C-alpha cells in the first residue's frame, strides 16, 4: 500500500506543475486535473492507514481497492511521463532530475491539437476510474480502519527454544554479558546498569536474554521478563510488568481502571528500595522505552536492565549512548549452524554423506541466522522430505527467489521477519522493496541506489532547500540502523559505501513486490520467465547473451519473444526503467 503512496508523491508534484497557466490545458481537462489532486490527497491519507496494517490482516475488498488505487496512480503518472518521453526523445544524456526543465519543453506539445486530444481522452478515462475508487473508499469506511493487530511471540518458538539442547552458539555471548553486568557486584550504592542486545530479526536476541535471565547467579528482590512488541498497549505492558514483579500483590489489580501514569507510580513505589532484574524484550521504538524508563528507579541497589531490539538507535538510547553496554548480535558460526540444522532434522549432529553438499549450500544462504536455520530444518524434518535429496535441492535453489509458501514453518519465519518491514515508515518501505530488483548476493552501491530512488520519485523534499541526495543518504542510513540491509565497505569515518540484502529477507521482499506488482523478476536461468500483463519494473537476473545454446533450448521464452513481451507490456514511460542485471 505504501507503494501507491510512493507513486502518488511524485504524481502530485507533477500534477501541480501541469495545471499551471503556461501549459494551456483545455478548460475541461484542467478542471478535472485540479480535482485529481484534491481526491488523490484524500486517497493518500486513507492509504496511509491501510499501509500500517500487514497485508495478510486486510479484508479482501480493501486489498483490491488499494491495488486499484496503486495501478491508477501508475497510469496517471504514465500519461504525464509519456509526454516527457516525447519531449526528451532518445537523448541518453538527458537530465533525469530536472523536472521543471522538461515541463517547460512540454508547452509546445500541449499546443498541438493531436496531443491535446490524446491527453483529453486519457484524462477522461482516468477521471471515471478515480470516481469509482472514491465511491469505494466511502463505502468501505476506510477512514475508520482498525489498527494493526499487536504482535506476540509464536508458541512454537517458545517451546523450541525452551529445550536447552536447541541453544547452540550462545554460550560465550551469555557469559560475556553476565560478566559485564555483574562486574563490580556486590557493591553498596551501585548504580542501575542497562545493557541492550541488538541485531537483525531472527538472530536469537530473545533466546540470549532468556539464557542470561535464567543463568545470572546474583540474588534480586524482584525479577521480570516482559515483552513489548510492535504497536504496544503501554497500559498492558506496565500492568504485566507489575504482575510479574509481584504476582500476589497485583493478582487482583484491575488495570482497566488505571491509566499509564498511575501504573508508573505503582511500579516506582514497588521498586523504590529493592534490587531488581528486568528484561524488556522486543523493544521497537524510543517512545515505548521512554515510558518504561520512568519506572526504572536508580536507587543505588545494583539493579540490572536488559533490553532487546532490532534497531541500533533504540539500543543507543537505552544505554545512554554507552557503546560498552551494547551487545551486537552476531550470526552463528558455520560449525554451530550445522549442529543446529542437523539436530533439528536428524536428532543428532551426524549428517548422512549424500546430504553434505546440498546442506552446506542451504546453510550458506541462511548466513548463520538461527530463525532461518530452524525454519528450513523444520521444513525438511517432515518425514516425506527428510530422506529425499531432490526435495533438499529444490529448497536450496528457491531460497532468495520464491521460497516455498505452503509450509507452516516457512510462513512463521516470514511473518517474524516481516515485522521489521511493517515497522518501517512509509517512505522507507518503498525504498526497501526496490532492493528486490537486484540479484541475490549483489553488492549495491550506495550512491547508485540513492540516485535510482530519486529517479523513481521515491524521495520527496518537503521544501525547496532540502537536498534529495542528503535525504537519500538519510534513508540509506536508517535502513542500516534498523538492520534491514547489510553494510559493506565501511570507511574509517563510518560511512558505508555499499550494501546487500540477506537472502532470506530478499525472498520476503521479492514475494511482497510480486504481490503488489512493484518489481517483476525474470530469471531465465532458473526458468522463471512468466511475465505479468502490466508489470511496472522488470529485472532480468541473467543476460540473455550469457546463455549457452543448451540453456536457450530449455528456456521457454526466446530473446525475440522477450523483446515482443517487453514492447507490448511496458508503456513508453515505463520502458525507461527497464533494467538488465
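Every number in this text was worked out from the coordinates using simple rules, so none of it is lab data. All of these numbers come straight from a predicted model, not from anything done at the bench. Cβ sites come from the backbone with ideal geometry, for glycine too, and all protein chains shown count toward neighbours.
Looking only at Cα atoms, what is the convex hull volume of segment 382-502 per residue, in Å³? Each step should come with its number before you reach the end.
Working: hull volume 15.4 nm³, N = 121.
About 127 Å³ per residue, rounded to a whole number.
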### Query
Where does each of 437-447, 510-520, 484-494 land if you order them by average Cβ count within 10 Å, highest first?
510-520, 437-447, 484-494
### Simple spin-label estimate for residue 136 and residue 235 in nanometres, 7 Å along Cα-Cβ
3.6
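Apply 1/(1 + (r/R0)^6) to the Cβ-Cβ distance of residue 260 and residue 466, taking R0 = 30 Å, and write down the FRET efficiency to the nearest 0.05.
Numbers: r = 36 Å, r/R0 = 1.20.
Efficiency, rounded to the nearest 0.05: 0.25.
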### Query
Can you give the extra length, in nm with one decimal, that the chain gains between residue 35 and residue 397 once fully stretched, where that is 0.36 nm per residue apart less the Cα-Cα distance?
125.4 nm
### Query
Normalised by the number of residues in segment 334-399, what is the relative contact order in percent for Cα pairs under 8 Å and 6+ residues apart?
38
### Stretch gain in nm, segment residue 480-residue 322, where the contour uses 0.36 nm per residue and the Cα spacing is subtracted
54.9 nm
## Note on the structure
In whole Å, largest first, the alpha carbons of segment 155-328 cover along the principal axes 45, 40, 31
#### Entry: Computed Rg/Rh of segment 334-399, alpha carbon atoms with Kirkwood Rh
0.90
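What ranking do 175-181, 338-344, 350-356 get when scored by the average of other Cβ atoms within 10 Å per residue, highest first?
Result, highest mean Cβ count within 10 Å first: 338-344, 175-181, 350-356.
Mind ranking 311-321, 362-372, 386-396 by how tightly packed they are, going by the mean number of other C-beta atoms within 10 angstrom, highest first?
Numbers: 311-321: 18.8, 362-372: 22.2, 386-396: 15.1.
Ranked from most to least packed, the peptides come out as 362-372, 311-321, 386-396.
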